[in-house]
Amino acid sequence: MNGNLHEFVTLEPSISEDEPAKGCADERVDWHVAEPVDELSVFVYGTLKPGGRYYSRYCAQYSPESIPALVRGKLYDFPRLGYPAMTVGEDWVHGYILTFFQPTSVLGTILKYLDALEGYQPGLSSGNESEIDDSEVDNSDADDDYIRIQLQTFLPSKHPFKRVWGYIMAEENVQALNGDYLTNGRWLDIGKRE
């Protein structure tokens, strides 16, 4: 996904039921190489944050590494809908980088599920899944709620960290949904708001 294939692979034992149990003198274990592990990093700032409404359902089972982080943007809340959206901007938006270390096929599944949750359908938006500015955000297709782009992340100290996937919404869609601008760049789920 990020092209950072780790230089290690996992060895897994393959034991059939016909073979003796572990610890027996005649133990026969056929070691094979498991699928190589890769990584996928995504910046989350709303319901996918650790402790967020959708974290357990979409992320926890894959045991992602979670690092507090910042990105540049503008954050909005949709109180009636129960989720936020980020647009292009210069404010500091607070969230987390979730990094999944899984076989490539599993990472594809994770990204597919996250895309579906965010209402993003690859190929329907501008088609440019790279870092873009607001003038390039064309999210006019009603089937896309958000678009997925590469974002430059920063550590809480505001030092540049790494580029990861993230989901943003076009400003016009935020206005159409009557988004409330969050000047502090932090979103908390219902009942936990700042």
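Throughout, read-outs are computed from the coordinates displayed, never taken from laboratory work. If you're wondering where the values come from, they're calculated on a predicted model, not measured in any experiment. Backbone-built Cβ (ideal geometry, glycine too); neighbour counts: all protein chains shown.
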Gained length - residue 175 relative to residue 112, 0.36 nm times residue gap less alpha-carbon distance: 20.0 nm
Inter-label distance, nm, simple model (7 Å from Cα along the C-beta direction), residue 188/residue 56: 2.0
With a ≥ b ≥ c from the Cα gyration tensor eigenvalues, square-rooted, and the rule rounded for a/c under 1.5, otherwise prolate when a/b > b/c and oblate otherwise, region 34-89 is oblate
